[in-house]
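Visitor: Structure below; questions to follow.
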Number of protein chains: 2
Amino acid sequence: MSFAVNGRPGVGVQTRARILDVAKDLGWRPSASARALTEARTRTIGLVLSRAHEELEVDSFFVRFLSGVERMLAPAEYALLLQLLPAGGAANVLEAYERLAAAGRVDGFLITDPELEDPRFALLAEIGLPVVVAGRPGAGSPFPWLETEHDLGAILAVEHLVGLGHERIAFLGGSPRYEHVQRRLVRWREALSAAGLGGGPVVFAEGDLSAAVPPVLEGRPSAVVCTSDTLAMALVAVARARKIAIPSELSITGFDDSAMAVLSSPALTSVRVDYGEFGAAATAALLAELSGAKPGAYKPSAPVLEVRASTSAAVHR
Amino acid sequence: MSFAVNGRPGVGVQTRARILDVAKDLGWRPSASARALTEARTRTIGLVLSRAHEELEVDSFFVRFLSGVERMLAPAEYALLLQLLPAGGAANVLEAYERLAAAGRVDGFLITDPELEDPRFALLAEIGLPVVVAGRPGAGSPFPWLETEHDLGAILAVEHLVGLGHERIAFLGGSPRYEHVQRRLVRWREALSAAGLGGGPVVFAEGDLSAAVPPVLEGRPSAVVCTSDTLAMALVAVARARKIAIPSELSITGFDDSAMAVLSSPALTSVRVDYGEFGAAATAALLAELSGAKPGAYKPSAPVLEVRASTSAAVHR
DNA sequence: TCCCTTTCCTAAAGCGCTTCAGCAACCGCC
DNA sequence: GGCGGTTGCTGAAGCGCTTTAGGAAAGGGA
């Protein structure tokens with residue numbers, strides 16, 4: 001019977017058809033629980049997210065990545081077990097992975113936001129379930145990983161600004177602990193050198209943005225590359241308070257091209273990265289891992305700079 | 001054995017202790033699959049969301065609700081099966097519920113965004129799994145439901161504006177198909193009457209906001225109550241393009257107090273509704289349903305108006 | 001002392017599926 | 001026609017738990 005349903009060989013063609021017919025007539029559907037028990041796999045993957053909810057809320061990455069994950073999961077008849085945890089509780093996070101794995105609720109994990117010295121790696125290595133890391137893990141990760149080319153977006157932003165005649169281009173990043181912030185910084189620097197420009201002011205802002213953002217204006221840049229739309233909006237607010245006109249006196253680029261970028265006034269020039277595709281690719285890699293197949297290569301599509309009203313030609317003073 | 005683990009009577013106190021000890025020593029953890037099979041329940045609840053991802057992205061409801069759900073689920077040892085579907089495919093949505101239920105992957109569903117004439121109700125009633133509706137369902141829902149008092153937020157907004165001396169207060173709502181938009185409209189009207197004011201212009205904006213929002217300015221209101229921060233920001237952009245100063249010439253209130261509200265410049269006065277609490281309550285109700293217990297009453301906390309820079313005293317001309 | 005009750009624990013069945021062993025039927029070969 | 005080899009199907013075991021039935025031990029009353 002299960003041979004017929006699962007399309008295995010050794011069953012006559014018409015016998016199979018007959019069985020499937022009867023099954024359909026009876027409205028029979030295999031029980032996921034029973035299958036999980038015998039097959040020793042649940043067709044479920046786990047995603048444990050531990051971020052402050054305010055952060056998730058403004059983060060276009062989260063929803064877009066998730067939607068990519070789901071897009072990939074659905075046709076494979078896999079389901080997603082999502083666990084959302086308050087930020088900061090590293091112990092809770094580890095326990096969450098541990099519990100899901102010990103109870104055999106998931107077949108594998110998708111990991112996002114890898115950190116340097118991430119304690120999850122050791123735990124998950126011990127657990128032994130397949131894992132795919134979405135993002136570039138620090139040393140000591142035994143798991144396959146993939147990453148977008150988001151950092152190239154920083155180059156796009158700089159080139160765009162250079163093309164507009166800007167010469168003092170600052171960098172406003174989120175927490176320097178984030179690997180992606182560091183990478184964008186590197187690219188920003190590269191692009192400036194390539195244009196024959198020296199590096200402008202570099203500022204990292206976290207926590208209370210109204211206090212952390214203003215320093216970036218110290219060096220009197222004519223343009224600022226921000227690593228998120230959130231930062232860009234905070235900078236717009238600061239500039240406005242100081243009667244600095246945007247974009248005529250100060251050009252600003254955001255990052256992620258979140259919904260806010262369009263809504264903001266002026267609308268933000270921002271880097272769009274296809275995180276949906278990223279989520280789908282990470283999921284595909286995990287599914288491949290689970291089925292023992294070779295994962296197809298992930299060829300991230302290039303980031304795109306959406307040019308809007310927050311950038312314009314530099315006014316040389 | 002399972003008697004000991006599940007704390008049932010008929011087991012000696014020390015026998016139980018011994019068993020639990022040994023279990024711990026062996027690192028034994030019950031298999032969720034096996035339990036699911038015998039207990040005929042998975043300790044998993046399903047949440048199927050079908051919204052455009054751009055919409056989810058700006059929607060603070062989504063993440064906050066979800067975090068409330070998780071907060072409730074974790075201590076109960078329940079897990080969340082999340083299915084995110086592209087908007088519009090009503091058939092896909094129904095199929096998703098059907099599949100999760102038929103495979104017995106979930107014990108019950110949480111429904112959000114109920115619509116009038118929602119086809120999910122008929123399907124889920126037939127399926128027979130416990131369901132709790134988060135939001136006020138149209139007629140024909142046989143399921144328990146709960147709702148926040150978000151609509152009182154519209155009253156807060158109007159009262160705030162009236163207190164500032166505004167007399168021509170417009171209403172800018174999202175799609176009129178949304179029940180919550182309609183309710184806020186009713187409250188807006190109530191509050192205006194209570195203040196002895198006639199209703200100002202009412203405009204619903206969906207789709208391309210840059211085209212749909214401007215009409216609200218036709219009636220030359222001195223203040224506009226918006227049903228989302230997204231709309232409020234779109235209105236800010238429109239006003240700015242027309243050189244209408246905010247808040248001196250036009251006061252604007254948002255709704256949801258999303259992360260954008262603070263980031264926007266000017267920062268938006270906005271209604272904060274505790275959607276986390278809402279998600280937790282809905283989940284508690286579903287868990288109660290699942291365990292056959294009486295659900296505790298949900299006493300929604302009152303919405304709060306966060307007053308920021310987008311509203312100020314009316315200038316009478 | 002014996003029997004009956006209560007208390008505790010052990011053994012076995014069964015949840016709904018997958019899988020493996022085994023058997024019947026059939027083919028073509030010498 | 002008899003034989004190994006193949007193909008197609010059936011039956012039973014077992015996944016790891018829960019639950020029920022039933023048995024052993026201990027306690028209490030006559």
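Values in this text are rule-based calculations from the coordinates and carry no lab data. Predicted model, so just to flag it, every value in this text is computed and none were measured. Positions of Cβ are generated from backbone atoms using ideal geometry, with glycine treated the same way; all protein chains shown enter the neighbour counts.
Visitor: Take each of the peptides B:72-81, A:276-285, average the number of other beta-carbon atoms within 10 Å over its residues, and list them starting from the highest.
Guide: Numbers: B:72-81: 18.1, A:276-285: 23.3.
Ranked from most to least packed, the peptides come out as A:276-285, B:72-81.
Visitor: Further, regarding this structure: Mind checking which of B:Leu66, B:Ala125, A:Ala191 is farthest towards the positive end of the protein assembly as shown's charge dipole, using Cβ charges of +1 (Lys, Arg) and -1 (Asp, Glu) about the Cα centre?
Guide: B:Ala125
Visitor: I would also like to ask the following. Leaving out same-chain residues fewer than 8 places away, which lysines sit with a Cα under 26 Å from that of A:Lys243?
Guide: In chain and number order, the partners are B:Lys243.
Visitor: A:Val202's amide H: which non-local residues (gap 5+, or another chain) put their own amide H closer than 5 Å, with H modeled 1.01 Å from N in plane and none for Pro or chain starts?
Guide: A:Phe171
Visitor: Under a cut-off of 19 Å between alpha-carbon atoms, report the aspartates and glutamates in cross-link reach of B:Lys24, not counting same-chain residues fewer than 8 places apart.
Guide: Within the straight-line cut-off, B:Lys24 pairs with A:Glu95, A:Glu98, A:Glu126, B:Glu77.
Visitor: Okay, moving on. Restricting to Cα pairs below 8 Å that are 6+ residues apart, what does the relative contact order work out to for chain B? Please round to a whole percent. Write out the running numbers ahead of the final one.
Guide: Working: 566 pairs, mean separation 57.0, N = 317.
Relative CO of chain B lands at 18 percent.
Visitor: I've got another one for you. What does the C-alpha gyration tensor say about the overall shape of chain A? Classify as rounded when a/c is under 1.5, otherwise prolate if a/b is larger than b/c, or oblate. Show your work: numbers first, answer last.
Guide: Working: a/c = 2.78, a/b = 2.30, b/c = 1.21.
Prolate.
Visitor: Compute, for segment B:222-317, the length of the dipole vector about the Cα centre, with Cβ point charges of +1 (Lys, Arg) and -1 (Asp, Glu) only. Units Debye, rounded to 20. Don't skip to the end; give the middle numbers.
Guide: Numbers: 8 positive and 8 negative charges, 81 e Å.
Magnitude of the dipole: close to 380 debye.
Visitor: Additional query: If you place +1 on the Cβ of every Lys and Arg, -1 on the Cβ of every Asp and Glu, and leave all else neutral, what size is the dipole of the protein assembly as shown about its Cα centre, to the nearest 20 Debye? Before the final figure, lay out each step's value.
Guide: Working: 60 positive and 70 negative charges, 91 e Å.
Dipole of the protein assembly as shown, to the nearest 20 debye: 440 debye.
Visitor: Considering only the other residues whose Cβ falls under 14 Å of the Cβ of A:Leu123, what net charge follows from Lys and Arg at +1 and Asp and Glu at -1?
Guide: Details: positive: A:Arg99, A:Arg120; negative: A:Glu95, A:Glu98, A:Glu115, A:Glu117, A:Asp118, A:Glu126.
So the environment of A:Leu123 carries a net charge of -4.
Visitor: Defining the label point at 7 Å along Cα→Cβ, can you sort the distances from B:Gly198 to the same site in each other copy, shortest first, in nm?
Guide: B:Gly198 label point versus its equivalents elsewhere: 6.6 nm.
Visitor: How many angstrom separate the Cα center of segment A:153-195 from the Cα center of segment B:200-239?
Guide: Distance between centres, Cα-based: 36 Å.
Visitor: Where a ≥ b ≥ c are the square roots of the eigenvalues of the C-alpha gyration tensor, would you call segment B:132-284 rounded, which needs a/c under 1.5, or, failing that, prolate if a/b is larger than b/c, or oblate? Provide the component values of the computation, followed by the final result.
Guide: Working: a/c = 1.82, a/b = 1.63, b/c = 1.12.
Cα axes put segment B:132-284 in the prolate bin.
Visitor: Report, in degrees rounded to the nearest 10, the 0 to 90 angle that the Cα long axis of helix B:13-26 makes with the longest principal axis of chain B.
Guide: 70
Visitor: Further question: In segment B:142-231, which trypsin sites (Lys or Arg not before Pro) are in a loop and have at most 11 other Cβ atoms within 10 Å, using DSSP for the loop call? Mind dumping the intermediate values first?
Guide: Working: sites: B:Arg168, B:Arg177, B:Arg183, B:Arg184, B:Arg187, B:Arg189; in loops: B:Arg168, B:Arg177.
Listed in order of number, the matching sites are B:Arg177.
Visitor: Quick one: angle between helix A:229-241 and the longest Cα principal axis of chain A, in degrees between 0 and 90, rounded to 10, please.
Guide: The answer is roughly 30 degrees.
Visitor: Please compute, for peptide B:33-46, the average count of beta-carbon atoms on other protein chains lying within 10 Å of each residue's beta-carbon. Write out the running numbers ahead of the final one.
Guide: On the way: counts 14, 6, 4, 9, 8, 2, 1, 2, 1, 5, 2, 5, 0, 1.
Per residue, the average neighbour count from other chains is 4.
Visitor: Given the options A:Ala154, A:Val181, A:Gly219, identify the residue whose Cα lies farthest towards the positive end of the charge dipole of segment A:153-312 (+1 on Cβ of Lys, Arg; -1 on Cβ of Asp, Glu).
Guide: A:Gly219
Visitor: Let me ask something else about it. Taking the label point as lying 7 angstrom from Cα along the Cα-to-Cβ axis, what are the distances from B:Ala125 to the corresponding position in the remaining copies, in ascending order and in nanometres?
Guide: Its label point is 5.7 nm from the equivalent points in the other copies.
Visitor: Next question, about the same structure. Between 0 and 90 degrees, rounded to the nearest ten: what's the tilt of helix B:275-291 against the longest Cα principal axis of chain B?
Guide: Once rounded, one gets 30 degrees.
Visitor: Next up: Rounded, prolate or oblate: which one fits segment B:176-223, using the alpha carbon gyration tensor with axes a ≥ b ≥ c (rounded when a/c is under 1.5, else prolate when a/b beats b/c, else oblate)?
Guide: Numbers: a/c = 3.84, a/b = 1.30, b/c = 2.95.
Note, shape of segment B:176-223 comes out oblate.
Visitor: Mind checking A:24-32 for the average number of partner chain beta-carbons within 10 Å of each residue's beta-carbon? Display every interim value, and only then the final one.
Guide: Details: counts 0, 0, 0, 1, 1, 6, 3, 7, 12.
Mean inter-chain Cβ contacts per residue within 10 Å come to 3.
Visitor: Quickly estimate the mean residue ellipticity at 222 nm for the protein assembly as shown, helices only: each DSSP H run with n ≥ 4 gives -39500 (n - 2.57), and the total goes over all residues, rounded to 500.
Guide: -12500 deg cm²/dmol
Visitor: About its Cα centre, what dipole magnitude does segment A:36-113 give when the only charges are +1 on Lys and Arg Cβ and -1 on Asp and Glu Cβ, stated in debye to the nearest 20? Present the calculation step by step, with values, prior to reporting the outcome.
Guide: Details: 7 positive and 11 negative charges, 52 e Å.
About 240 debye.
Visitor: Label position 7 Å from Cα toward Cβ: report the copy-to-copy distances for B:Ser301 in nm, one decimal, ordered from shortest.
Guide: Copy-to-copy label distances at B:Ser301, shortest first: 4.2 nm.
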